[in-house]
Amino acid sequence: MSQVLYRKYRPQILDELIGQPHITQTLKNAFAQNLFAQAYFLTGPKGTGKTSTARIIAKAANCTSKAKIKPCGKCDNCHEISEGSALDLIEIDAASNRGIEEIRDLREKVNFLPVAGRFKVYIIDEVHMLTPEAFNALLKTLEEPPSHIIFILCTTEPQKVPQTIISRCQRFDFKRATIADLILRLKQIAKSEKLEIADEALRLIAQNASGGFRDAETLLDQVIAHVKDGKNQKVELEKIQEILGVTDDQALSQLVDYLVARDTRLAILHLNKISDLGFNMLQFTRNLLEYLRALLLIANNVGEDLVEVTAEQYDVMQRQAENLDHQFLVKIIEAFSEAENDLKNVQIAQLPLELAAIKITQTQTSPTSSDEGFSPKSSETSGRHPKEEAKGNLADIKGQNQSSRAQMVKNVAATDKPIQKLQSEAAKSYQYQKIMDLAEVVNKWPEVLRAVKSHNHSIEACLKATRPKAIENNFLILEVFYPFHKERIEDKKHRDIIESVFAETFKVKLYLKCELSAKEKAKDEKTQGMIKTAQEILNGKMIE
Ligand SMILES: [Zn+2]
């Protein structure tokens with residue numbers, strides 16, 4: 001059987017380690033001076049390179065190369081560690097019984113001198129799994145370690161390791177891999193495996209890798225197994241979606257954005273788009289529930305420990321969670337859990353999801369407050385079963401219920417205000433650092449327009465009618481004077497173009513956000529625009 005990719009391409013020297021520059025640089029400097037700590041503590045999410053780094057440290061400690069850059073990866077000692085046959089490297093998996101036994105007689109064993117190298121290196125994986133007595137034995141050894149011993153403790157759960165142990169180690173915190181890191185790694189592997197694969201395809205794999213290299217490589221394994229026969233064919237995004245059966249996280253976060261903004265129309269369009277693309281709606285709903293659970297965890301400050309996504313996705317989710325009323329989030333989860341059940345018995349796969357979306361977007365709660373809870377239902381809907389209520393609303397939308405048009409227009413108008421408030425509060429609460437100033441943006445604005453024009457003429461025309469208003473953390477706020485422009489610019493396809501132009505022009509990741517101008521003239525236009533939107537909904541144009 002062929003080696004799995006993550007073993008085959010395990011980083012063997014420091015330069016092969018991706019995404020942890022703060023760690024590689026520190027280690028490089030120390031190794032160049034032959035400085036080794038008595039004990040290391042490597043912590044971070046799974047699949048981010050802890051075990052690989054531990055082995056690289058072990059190699060550097062026993063590398064016989066005269067070169068400054070260690071480990072060399074070529075000498076006998078380096079080779080033996082790569083092959084897993086080195087006698088001076090003892091790897092203990094604390095999660096298994098064998099580990100516990102080894103820790104018990106550790107104190108005795110550590111006195112034996114190394115066989116081939118300068119140091120005897122103990123790597124203890126999942127160190128948080130040790131029993132209290134094993135921790136004690138380890139601590140005693142760490143208190144008076146023989147000079148020929150190096151301990152490397154690895155864990156995904158540092159909070160479960162006694163502080164007395166951690167304080168005796170040099171600590172390295174591994175970060176979640178970014179999408180860019182994962183793509184870089186996947187590209188290297190694909191090249192070595194002679195697999196031609198589209199960039200968007202790699203991106204989707206990276207997005208589904210939970211921020212870990214190992215997951216990314218396992219997914220790529222799956223892809224390679226599927227395309228073995230047609231290996232000389234380029235693998236496109238659609239193929240990956242088919243093989244992995246996944247949409248990207250963006251599809252999920254986008255839907256949540258629409259729900260939070262109480263935008264019934266866009267939420268329903270979005271669901272239909274996903275269905276039209278041929279995705280399994282049950283799988284999509286499960287992914288959505290997972291995503292919502294992650295939001296709930298982040299909102300309750302346990303996300304760092306329990307949520308496994310890429311660094312970028314984590315930022316997006318944190319941003320969403322910060323602005324989400326917890327009870328509203330619970331309501332969303334309940335609605336889609338119900339939809340998941342209903343999905344098994346329906347002909348139109350997206351219907352239960354549409355009902356859930358309508359139920360959620362037409363809840364009369366302020367999304368900005370976490371204390372208010374839900375305001376009472378309006379007299380029009382009270383007493384009805386939630387399901388009937390939702391069905392009634394669907395009928396409204398399809399234009400079969402003429403009498404409630406006015407109410408619908410009112411609803412659309414009423415929901416707009418909290419969104420504005422939500423967005424300005426969101427901008428205030430972002431924790432990002434200021435990354436560039438407005439003057440620079442204004443200065444380069446003609447350049448941005450030119451670049452956007454080369455992608456899409458009409459979007460450039462819309463952008464021309466806007467004004468860069470402010471930089472708030474990593475958001476560029478555009479003042480927009482017409483709701484129609486706002487809608488066009490914020491359309492995902494267009495926003496992606498504009499944000500990619502930002503990235504090219506400003507060399508930083510800058511998100512786009514539109515704010516409608518507060519001017520009187522624009523206000524009239526805005527109302528017109530909303531009435532138009534509402535009418536489109538009522539005429540059923542948008543959902544047929
Ligand atoms: Zn070496």
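Among what's in the range 19-36 and is among the aliphatic types (A, V, I, L, M) and open to solvent by 20 Å² or more (accessible area, probe 1.4 Å), pick the residue that is nearest to the ligand (Cβ to nearest atom). I'd like the intermediate steps shown before the answer.
Of the range 19-36, the ones among the aliphatic types (A, V, I, L, M) are 23, 27, 30, 32, 35.
Subset that is open to solvent by 20 Å² or more (accessible area, probe 1.4 Å): 30, 32, 35.
Working: Ala30: 16, Ala32: 14, Leu35: 17 Å.
Going through the qualifying residues, I end up with Ala32.
If the Cβ limit is 8 Å and pairs must be 6+ apart or interchain, which residue in the range 100-120 that is open to solvent by 100 Å² or more (accessible area, probe 1.4 Å) pairs with which residue that is modelled with pLDDT of 80 or more and among the basic types (Lys, Arg)?
Arg107/Lys140; Phe112/Lys120; Leu113/Lys120
Which condition does Gln159 not pass, out of (1) within 30 Å of Lys273 (Cα to Cα); (2) in the same structural domain as Glu16 (by TED's automatic domain parsing), if it passes all the others?
In the conditions (1) within 30 Å of Lys273 (Cα to Cα); (2) in the same structural domain as Glu16 (by TED's automatic domain parsing), Gln159 misses (1) alone.
Residue by residue, here is whether (1) out of contact with any His (no Cβ under 6 Å at 6 or more places or on another chain); (2) within 26 Å of Leu182 (Cβ to Cβ); (3) of a type outside the set (Val, Ile, Thr) holds:
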site	(1), (2), (3)
Ile56	yes, yes, no
Ile69	yes, yes, no
Ile92	yes, no, no
Glu101	yes, no, yes
Asn111	yes, no, yes
Val115	yes, no, no
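Residue-wise test of (1) charged (D, E, K, R); (2) on the phi > 0 side of the Ramachandran plot; (3) in contact with a Phe, Trp or Tyr (Cβ under 7 Å, 6 or more places away or on another chain).
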{"position": "Pro11", "(1), (2), (3)": "no, no, no"}
{"position": "Leu17", "(1), (2), (3)": "no, no, no"}
{"position": "Ala37", "(1), (2), (3)": "no, no, no"}
{"position": "Lys46", "(1), (2), (3)": "yes, no, no"}
{"position": "Gly49", "(1), (2), (3)": "no, yes, yes"}
{"position": "Thr53", "(1), (2), (3)": "no, no, no"}
{"position": "Ala58", "(1), (2), (3)": "no, no, no"}
{"position": "Pro71", "(1), (2), (3)": "no, no, no"}
{"position": "Asn77", "(1), (2), (3)": "no, no, no"}
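Name the residue that is modelled with the highest pLDDT, counting only residues in the range 485-510 that are open to solvent by less than 40 Å² (accessible area, probe 1.4 Å) and over 17 Å from Asn456 (Cα atoms).
Phe506
Within the range 121-132, restricting attention to residues that are aliphatic (A, V, I, L, M) and part of a strand (DSSP E or B), which residue is surrounded by the fewest Cβ atoms within 10 Å (Cβ to Cβ)?
So the first thing to find is which residues in the range 121-132 are aliphatic (A, V, I, L, M), and the list is 121, 123-124, 127, 129-130.
Filter once more, so that each one left must be part of a strand (DSSP E or B): 121, 123-124.
Values: Val121: 28, Ile123: 23, Ile124: 26.
Looking at the filtered set, the residue picked out is Ile123.
Would you pick out the residues in the range 286-311 that are surrounded by 13 or more Cβ atoms within 10 Å (Cβ to Cβ), of a type in the set (A, V, I, L, M) and over 13 Å from the mean Cα position of the chain (by Cα)?
Leu288, Leu289, Leu296, Leu297, Ala299
Of Lys194, Lys187, which residue is in a loop (DSSP other than H, G, I, E, B) and among the charged types (D, E, K, R)?
Numbers: Lys187 fails: in a loop (DSSP other than H, G, I, E, B).
Just a single option satisfies the conditions, and that option is Lys194.
Can you go through Val110, Val121 and tell me which one is away from the ligand (no atom under 16 Å from the Cβ) and among the aliphatic types (A, V, I, L, M)? Walk me through how you get there before you give the answer.
Numbers: Val121 fails: away from the ligand (no atom under 16 Å from the Cβ).
Step by step, each of Val110, Val121 is checked, and only Val110 is away from the ligand (no atom under 16 Å from the Cβ) and among the aliphatic types (A, V, I, L, M).
Find the residue count for the range 250-269, including only residues that are without any contact (Cβ under 8 Å) to a residue 12 or more places away in the chain and polar (S, T, N, Q).
Total meeting the criteria: 0.
Condition first: in a loop (DSSP other than H, G, I, E, B) and more than 21 Å from the chain's Cα centre (by Cα). Can you find one or more residues in the range 201-223 that meet it?
Here is the first cut: in the range 201-223, the ones in a loop (DSSP other than H, G, I, E, B) are 208-212.
With the extra rule that they be more than 21 Å from the chain's Cα centre (by Cα), the set shrinks to none.
No, every residue in the range 201-223 fails to be in a loop (DSSP other than H, G, I, E, B) and more than 21 Å from the chain's Cα centre (by Cα).
Could you count how many residues in the range 463-484 are open to solvent by 30 Å² or more (accessible area, probe 1.4 Å) and assigned to a helix (DSSP H, G or I)?
2
Going by what's in this entry, would Arg10 be described as open to solvent by 20 Å² or more (accessible area, probe 1.4 Å), in a helix (DSSP H, G or I) and either of a type outside the set (Val, Ile, Thr) or away from the ligand (no atom under 16 Å from the Cβ) (or both)? Break it down stepwise before answering.
Details: open to solvent by 20 Å² or more (accessible area, probe 1.4 Å): yes; in a helix (DSSP H, G or I): no; either of a type outside the set (Val, Ile, Thr) or away from the ligand (no atom under 16 Å from the Cβ) (or both): yes.
In short, no.
What number of residues within the range 161-199 satisfy the criterion of being under 24 Å from Asn136 (Cα atoms), surrounded by 15 or more Cβ atoms within 10 Å (Cβ to Cβ) and among the β-branched types (Val, Ile, Thr)?
3
Which pairs do you get when a residue that is within 13 Å of Val442 (Cβ to Cβ), found in the range 476-487, comes within reach of a residue that is among the aliphatic types (A, V, I, L, M) and part of a helix (DSSP H, G or I), reach meaning Cβ atoms under 8 angstrom, with the pair 6+ apart or on two chains?
Here the result reads Leu476/Val441; Ile477/Ala427; Leu478/Leu463; Leu478/Ile489, each pair linking the range 476-487 to a residue that is among the aliphatic types (A, V, I, L, M) and part of a helix (DSSP H, G or I).
Give the number of residues within the range 77-93 that are surrounded by 24 or more Cβ atoms within 10 Å (Cβ to Cβ) and part of a loop (DSSP other than H, G, I, E, B).
Of the residues in the range 77-93, 1 are surrounded by 24 or more Cβ atoms within 10 Å (Cβ to Cβ) and part of a loop (DSSP other than H, G, I, E, B).
Taking the residues in the range 43-59 that are out of contact with any strand residue (DSSP E or B) (no Cβ under 9 Å at 6 or more places or on another chain) and either hydroxyl-bearing (Ser, Thr, Tyr) or part of a strand (DSSP E or B) (or both) as candidates, determine which candidate is farthest from the ligand (Cβ to nearest atom).
Thr48
May I ask you to verify whether Glu157 is under 30 Å from Ile103 (Cα atoms) and modelled with pLDDT of 90 or more? Even if it seems obvious, please write down each step before you answer.
Working: under 30 Å from Ile103 (Cα atoms): yes; modelled with pLDDT of 90 or more: yes.
Answer is yes for this residue.
Which residues, counting only those in the range 141-165, are part of a loop (DSSP other than H, G, I, E, B) and within 17 Å of Thr43 (Cα to Cα)?
As a first pass, look at the range 141-165 and keep what is part of a loop (DSSP other than H, G, I, E, B): 144-148, 156-157, 161-162.
The answer is Thr156, Glu157, Val161, Pro162.
Take the conditions over 19 Å from Ala30 (Cβ atoms), in the same structural domain as Gly47 (by TED's automatic domain parsing), open to solvent by 30 Å² or more (accessible area, probe 1.4 Å) and away from the ligand (no atom under 16 Å from the Cβ) and apply them to Lys74. Does it pass?
Details: over 19 Å from Ala30 (Cβ atoms): yes; in the same structural domain as Gly47 (by TED's automatic domain parsing): yes; open to solvent by 30 Å² or more (accessible area, probe 1.4 Å): yes; away from the ligand (no atom under 16 Å from the Cβ): no.
When the stated conditions are applied, Lys74 does not pass them.
For the range 60-71: of the residues being within 36 Å of the chain's Cα centre (by Cα) and more than 7 Å from the ligand (Cβ to nearest atom), which is nearest to Arg118 (Cα to Cα)? Break it down stepwise before answering.
First, the residues of the range 60-71 that are within 36 Å of the chain's Cα centre (by Cα): 60-61, 69-71.
The next check asks that each one be more than 7 Å from the ligand (Cβ to nearest atom); those that pass are 60-61, 69.
On the way: Ala60: 10, Ala61: 7, Ile69: 17 Å.
Going through the qualifying residues, I end up with Ala61.
For Asn301, which of the numbered conditions (1) at pLDDT 90 or above; (2) of a type in the set (S, T, N, Q); (3) within 26 Å of Thr156 (Cα to Cα) fails to hold?
(1)
All but one of (1) within 13 Å of the ligand (Cβ to nearest atom); (2) at pLDDT below 90; (3) among the hydrophobic types (A, V, I, L, M, F, W, C) hold for Ala134; which doesn't?
It fails just one condition, (1).
The values are calculated or read from the model by the stated rules, or taken from the named source; none is laboratory data. A quick note: this is a predicted structure, and the numbers were derived from the prediction, not measured. FYI the Cβ positions are ideal-geometry reconstructions off the backbone, even for glycines, and counts take in every protein chain you see. SASA here: full protein model, heavy atoms, side chains in, ligands and nucleic acids out. Shrake-Rupley method; radii C 1.70, N 1.55, O 1.52, S 1.80 Å.
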